[in-house]
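**Q** Questions regarding the structure given below will be posed in turn.
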Amino acid sequence: QVQLVESGGGLVQPGVSLRLSCAASGSIFSINAMGWYRQAPGKQRELVAIILSGGSTNYADSVKGRFTISRDNAKNTVYLQMNSLKPEDTAVYYCNAVLKRSQLGRLTNYWGQGTQVTVSS
């Protein structure tokens, strides 16, 4: 079994910061990529940011310059530092990991349960 547990969401005012964390646990051999997605009401889930095992990152245009993704490989944990939050950042944020559970296993997607981020005055 593999679990992704997110934390750090909440209700904040525009302009402030939040930090999301996601820890992967269980039977894990290696993690290829970890990332954050979000889904606002009535919209499709979209990629926010992703970080590969080597450290390279990619961001949605809407968050570039405001959000930073980082990763602690030793702890199988990914973080999302969100600065200058806007009302349009309001969504449920989901952690994602692409990993192998054994050396010969295939890469498989896993998802966290989601954490609500609400930006409102």
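**Q** Ignoring ligands and nucleic acids, what accessible area does residue 2 show with a 1.4 Å probe (Å², nearest 10)?
**A** 20 Å²
**Q** Also, I was wondering about something else. Could you size up the charge dipole of segment 1-111 around its Cα centre, putting +1 on the beta carbon of Lys and Arg and -1 on that of Asp and Glu, and report it in debye to the nearest 20?
**A** 200 debye
**Q** Counting only heavy atoms of the protein chains, get the accessible area per residue of the chain (1.4 Å probe) and round it to a whole Å² value. Provide the component values of the computation, followed by the final result.
**A** Values: 6520 Å² over 121 residues.
Roughly 54 Å² per residue, with all protein chains present.
**Q** How much of residue 31 can a 1.4 Å solvent probe reach, expressed as accessible area in Å² and rounded to 10?
**A** Rounded to the nearest 10, that gives 20 Å².
**Q** Grab the beta carbon distance between residue 13 and residue 53, set R0 = 25 Å, and tell me the FRET efficiency rounded to 0.05.
**A** 0.10
**Q** Starting from the 7 Å offset along Cα-to-Cβ, what nm value, one decimal, do you get for the label separation of residue 120 and residue 46?
**A** Going from the residue 120 label point to the residue 46 one covers 2.0 nm.
**Q** Could you run the Karplus curve 6.51 cos²θ - 1.76 cosθ + 1.60 with θ = phi - 60° over segment 53-65 and give me ³J(HN,Hα) per residue in whole Hz, x for Gly and Pro?
**A** For segment 53-65, the Karplus curve yields 4, x, x, 5, 10, 9, 10, 5, 4, 5, 10, 4, x Hz.
**Q** For the chain, what is the Kirkwood estimate of the hydrodynamic radius, computed as the reciprocal of the mean inverse distance between distinct Cα atoms, to one decimal in Å?
**A** 14.5 Å
**Q** How many angstrom lie between the C-alpha centres of segment 39-85 and segment 7-28?
**A** A separation of 11 Å, based on Cα centres.
**Q** Using a basic spin-label model with each label point 7 Å from the Cα along Cα→Cβ, how many nm lie between residue 3 and residue 111?
**A** Each label point is offset 7 Å from its Cα along the Cβ direction, giving 1.9 nm.
The values are calculated or read from the model by the stated rules, or taken from the named source; none is laboratory data. All values derive from a computational prediction rather than experimental measurement. Here the Cβ is made from the backbone with ideal geometry for all residues, glycine too, and neighbour counts use every protein chain on show. Side chains included, ligands, DNA and RNA excluded: accessible areas come from the protein's heavy atoms. Shrake-Rupley method; radii C 1.70, N 1.55, O 1.52, S 1.80 Å.
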